[in-house]
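Asks: Handing you this structure, nothing more for now.
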Amino acid sequence: MMKRQYLTIFFGFLFALIVSGQAFAQTGIEDISENIVDSTEFLPGLVTAVLYLIGLLLGVWGILKIKEHVDNPNQTPLRVGVIRLIVGGAMFAMPIVYEAVQITINGGSFASLDIPNLYDQNISAILGGVSALLSGGTNINAIFNNIRIFSDEVPGLIGALSYLLALLLGAIGVLKIKDHVEDPDRTHVKEGVIRLLIAGALLTLPTVFDAMYTTINGSGAGLWGTILGVFTTWSFLNSSDAPGFLHCGAAMIGLGSTVGDVICNSFINSAGFPAFLTGIAYVLGLIFGVWGLLKIRDHVLNPAQVGLSEGVTRLLAGGAFFALPAVMTALYSTLTPAPLVAVSTLTTTTTYNESFTCLGTNSLDEAMACFMDDVMGPTHIALNFFGYVAGMIFIMIGISRLIKSAQEGPKGPGGVGTVATFVTGGLLISASAILRAFSSSMFGSPITLRFANLSYTTGMTLAETQAAYNVISAVLKFMVVVGLISFVRGLFIMREVSEGNQQASAMSGMTHIIGGALAVNLGPVLNAVQSTLGITTFGVSFGI
């Protein structure tokens, strides 16, 4: 019965809140959220009025209980009437009670968390700027930006609802202390104290969120740095190809109609996805923070049913969502020595032995060379972007699993599947660097050999020799693309193996990973095979 009364009070407050903001006359999540947020200014007066009435009731009730005590001291203890008078006075002075519980949490200092600035400024700038620049704002980036616009009031909405819940918990906490004084055996003092403490935490959410964020966050690249690092880290393209965006120059200004331009358009018009995911992570951090506080309350009230870890892990997961760019940077730095935002410096650059023009040619070798020259750079950019986004999603999945129980098996917080999810996420956002490491391990150099040299050209004209080089270069570029795809696919398979997927095998995953590294390094592989067979004087060798 008492719980039903508390719920009635809560939803009564919420109804009055929405009506006062005229939320029913609006459309869109942003409008409703903004109305609810703006309407919080009416809450103190509304709550004060309700608590004032409760205080009057308790005061009269306390006086009557004191009278009953005087009439029959054995049946009605004096404490029953006194506590009602004290709690009635507390209801009259609830603003002072709320201030006291806030000071208990934050010591009277005001914390201003900088995460909202990250959400509002960095993410807005990325999504809004890119979508406005490209395609007149009619691309996937524009959709992401539109969702952001209609949901950027959600953090304020969560804060407003938490504030409302804090007011309710504070009042219930005072009433629970009254119940404890009247009947200590039935109502423990912790039921009132924990509600007051959680109310204070909900009223000082910036302090709580700042603690969550600081616990996880370390020095690392910001949002721009983590995103740009993906597109400037190259593995097997020579120095003239290193600035990846040059391959998409025509697409960026709305020109070009080749297959490479199509790939570039797909990447450019969805480049805001990482920023969008960071915004989602921020909102999840807010939700997990409030959820964690409520779980700590549930643990204190019922420790046998709700473990303390349920609240702590939610607070940790919320902090990790707040600091998602820092978590990603930490994973990248753990797996690779190079900083995420650094452009790869190729100490030794190689080029292809090819000569072709893509204007008015009908020869098959030049057509092959033109096609692979057009799609290789954009494909590499797109694969880097895909790996980064996929790795980001895996890391978010891993963070969300921190709140699970050990009974989940591989998908539990300490399960091999969760660990593999974090590792795979880190490998995907640093796939190029990892692939260079495989190349160095197998062939002694992270740069593949691509300059072809036919060892036997007797009887071939210069044009025929050059046509052969064009075909060889096209094949090498094709194998680089295939190798990159295979390598990324292998990482996905290994993660599925860790998850316990019976349809995936470690052998298949390693085959894709090693096979992808070999395909990217087809030139050194052919050199090794020919040297082993002793046919270097008749084959084709690859070098700088």
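Asks: Gain in length, Asn501 to Leu462, computed as 0.36 nm per residue apart minus the alpha-carbon separation, to one decimal in nm?
Replies: Taking 0.36 nm per residue and subtracting the Cα distance, the gain is 8.6 nm.
Asks: Which FRET efficiency value, to the nearest 0.05, do you get for Ala49 and Ser309 by plugging their Cβ-Cβ distance into 1/(1 + (r/R0)^6) with R0 = 35 Å?
Replies: After rounding, the FRET efficiency stands at 0.30.
Asks: Tell me the label-point distance for the pair Thr258, Ile544, using the 7 Å Cα-to-Cβ offset, in nm and rounded to one decimal.
Replies: 2.8
Asks: Describe numerically, in nm with one decimal, the distance between label points set 7 Å from Cα along Cα→Cβ at Cys358 and at Lys190.
Replies: Label-label distance for Cys358 and Lys190, simple model: 7.1 nm.
Asks: Shifting gears a bit: Pull up all non-local amide H partners of Val540: gap of 5 or more, or a different chain, and H-to-H distance under 5 Å with H placed in the peptide plane.
Replies: Ser455
Asks: Suppose R0 equals 45 Å; then what is the FRET efficiency for Ala528 and Thr215 from their Cβ-Cβ distance, rounded to the nearest 0.05?
Replies: Using R0 = 45 Å, I get an efficiency of 0.35.
Asks: How large is ³J(HN,Hα), in whole Hz, for each residue of the range 455-460 in order, when computed from phi with the Karplus curve 6.51 cos²θ - 1.76 cosθ + 1.60 and θ = phi - 60°, using x for Gly and Pro?
Replies: 6, 9, 10, 4, x, 9
Asks: Along Cα→Cβ, 7 Å out, is where each label goes; now give me the distance between the ones at Glu408 and Trp61 in nm to one decimal.
Replies: So the two model labels end up 4.3 nm from each other.
Asks: If you don't mind, another one. What is the order of Phe492, Phe487, fewest Cβ neighbours within 10 Å to most?
Replies: Phe492, Phe487
Asks: Give the cross-link partners of Lys295 among the lysines, using a straight C-alpha distance below 28 Å as the criterion and excluding same-chain residues fewer than 8 apart.
Replies: Within the straight-line limit of under 28 Å, Lys295 reaches these lysines: Lys3, Lys176, Lys178, Lys190, Lys404, Lys411.
Asks: What list of ³J(HN,Hα) couplings, whole Hz, do you get for the range 366-383 from phi and the Karplus terms 6.51, -1.76, 1.60, once you set θ to phi - 60° and write x for glycine and proline?
Replies: 6, 5, 4, 5, 5, 5, 5, 5, 6, 9, 5, x, x, 5, 5, 4, 4, 5
Asks: Could you compute Rg(Cα) / (2.2 N^0.38 Å) for the range 152-200, with N its residue count?
Replies: This ratio for the range 152-200 stands at 1.41.
Asks: Compute the length gained on full extension between Arg79 and Glu182: take 0.36 nm times their separation in residues and subtract their Cα-Cα distance, giving the result in nm to one decimal.
Replies: 36.4 nm
Asks: Sorting Ile397, Ile513 on the 10 Å Cβ count, fewest up front, what's the list?
Replies: Ile397, Ile513
Asks: Let me check I have the definition right: for the range 438-519, take the eigenvalues of the Cα gyration tensor, multiply each by 5, take square roots. What are those semi-axes in whole Å, largest first?
Replies: That gives 36, 13, 9 Å for the three semi-axes.
Asks: To continue, here is another question. Just rank Thr457, Thr448, fewest to most, by other beta-carbon atoms within 10 angstrom.
Replies: Going from least to most buried by this count: Thr457, Thr448.
Since every read-out is calculated from the coordinates, none of them should be taken as a lab result. If you're wondering where the values come from, they're calculated on a predicted model, not measured in any experiment. For neighbour counting, all protein chains shown are included, and Cβ atoms are generated from backbone atoms with ideal geometry for every residue, glycine included.
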